[in-house]
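Taking it in order: structure first as C-alpha cells, then the write-up.
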Amino acid sequence: MEGPGKLPVVAVIGRPNVGKSTLFNRLTHSRRALVHDQPGVTRDRLYGFAYSSARQFLMIDTGGLTDSVGTIEQAVRLQVEAALLEADVVLWILDAKDGLTSADIELARELRLTAQPVFLVVNKAEGLEPEVARLDFHELGMGSPVVISAKTGWGIDSLWQIILESVPVVPWMADKDSAIRIAFAGRPNVGKSTLVNACVGDDRVVVADEPGTTRDSVAVPMAFRAQSLVLLDTAGVRRKAKVRDSLEKFSVAKTLQAVAEADVAVLVIDACEGLTEQDATIAGLICDQGRAMCLVINKMDSPNAGRRDDLERQISRILPFLPPHRTRFISAQRRQGIKRILADALEAVESAGRSLSTAKINKTLNEAIDRHAPPRYGGRLVRIKYGHQGGRNPPMLVLHGNLLEHLSASYRRYLANFFIKAFGLVGTPLRIEVRVANNPYRP
C-alpha cells in the first residue's frame, strides 16, 4: 500500500445503499463520503484517517458492487478490487432489513479467495435483536457477524474493538496535515480525473466519457520531489440551473469545500469548448477563497481543440481578474505536457506562503505612489504612510494612513498588482487591508 505513513488499511465494501459511507463517516469522524438514499452514490475510493487513543489506521470507502455490466459499474468494481489489494482488513457491510440476498452469496464466493481477513458487519439493525439481525448471515460461513447501526452509532464500540484487534499498532502522525493539498477543479468532463491519474501514474480515479463521473472529492496521496502531496479530484461544477437533484448539489458543495481546504487549485479547462462563463465563475470562486492557483488547458490533442493563441486571448478577455499565473496546454489522456503541473502548483504555494520584507514593502509602496498617487477624496489628500505584511496564504498587506477608508477598489487592485510584480509572486492573489489613523478631533 502506498499512502500516508504506510498505515494499516481497512476497506469498507458491500452492495449499494447498505450504509458503507455512513459507517465510513462515523469511524473517521467526518462527512467526507456522500450519504444519500439513492444507491450508487460512492463511485471512487475515498480515504480517511481513523484515530483511537494511540492507534491509527486508514479507512477506504468504496462504491457499491452490482451485477451490472455498464461502464460506470465495471469501473467501480475495478476500484473495489484495487481497495482489496491495498487493504489489511475488510469490512463487508450487509443490510439487516434486506436479509441475505443472492448477490451477497455470490460476493461471498469472491471474498473467500482474498488473503485479508473479512469481517461481516450487519448494518441498519436499529430496533432488532442482535441474534435476529445476524441469523440469516450465519449461512455464509464466514464467522459471526457484528451487528450495528451506523446511522445511530449503536454497536460501533464492538466494531471498533474488532478493528483495533486486527491491525498493528501505529503511532499517531506528528502532523496529519503536513501534505500539500492540490485541488483539481473545473466543469464536468474536462479531464480532471484523467489528469490526476496521469500525475500519479496510476488509474486511481474512475474515468468515463459520461459527465459527472466523479461525485465526491477524492483524495489521492503521493510524493513529488520529496514533498508529500494530496491530489483532490473534485466533482465538476455545473451552473446552478443545471444542478437539479440534491445529490449533485452535495457534490458541488464538496468541490467548493475541497477548494477552500486546499493549498492550491488547478483549474482545468476544455480546449475543445474554450473558456466559458462557468469557467470564469469557478475561477472567481477560487480567487474569493484566496487560493493559490494555476491553469491547465486540457485536450489539446483533440482535432476539435482551439488554437493556442485563440485560447490565450480568451483567457485574457474572460479571466482578467486572475493574478499572474502559470498556464499549461496539455493532453492528460496522452500524458503530454503534464510534467510541470505539480511544479507550478508548488511554486504557487510557495508564493502564497512567502514572508515579505517590511523594508521592501515600503520601498515598493513609495514607488507605486510615485508612479500613480491615490485619487483625492472630496478634494482632500488620501495619504498612505506605511505598510507591512499582515498574513499569508494568501499574502496580505496592511496599509496605514489618513482617509484610507476611501481608497477606491481600482486603486487597491493597482497596488496589489504592483506588489505582485515587484515581489515576483506567481499564482497567488494579494489582499490589501487598510488601517485608518485615529483623528482626535473627529467627533
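Key figures
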| quantity | calculated |
| --- | --- |
| Separation of alpha-carbon centers, region 341-360 and region 268-299, rounded to whole Å | 20 |
| Overall form of region 297-351 per C-alpha gyration tensor (a/c, 1.5; a/b vs b/c) | oblate |
| Interchain or long-range residues, amide H under 5 Å from residue 435's placed H | 399, 400, 401 |
| Computed lengthening from residue 224 to residue 340, 0.36 nm per intervening residue step minus Cα-Cα distance | 40.6 nm |
| Per-residue HN-Hα couplings for region 305-322 [Karplus 6.51, -1.76, 1.60; θ = phi - 60°; Hz; x = Gly/Pro] | 5, x, 5, 4, 5, 5, 5, 5, 5, 4, 4, 5, 7, 8, 10, x, 7, 6 |
| Values of log10 I(q)/I(0), in the order q = 0.11 Å⁻¹, for region 272-396 under a Debye, Cα-only, solvent-free model | -0.57 |
| Scaled radius of gyration (Cα, divided by 2.2 N^0.38 Å) that region 358-436 gives | 1.03 |
| In nm, spacing of pseudo-spin labels at residue 160 and residue 273 (7 Å Cα→C-beta vector) | 4.5 |
| Sorted peptide list for 105-111, 346-352, criterion being average Cβ within 10 angstrom, highest first | 346-352, 105-111 |
| Protection proxy ranking, peptides 192-198, 419-425, average beta carbon neighbours within 10 Å, highest first | 192-198, 419-425 |
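Read-outs throughout are calculated quantities, based only on the coordinates presented, and are distinct from any laboratory measurement. All of these numbers come straight from a predicted model, not from anything done at the bench. Cβ: placed from backbone, ideal geometry, glycine included. Neighbour counts: every protein chain shown.
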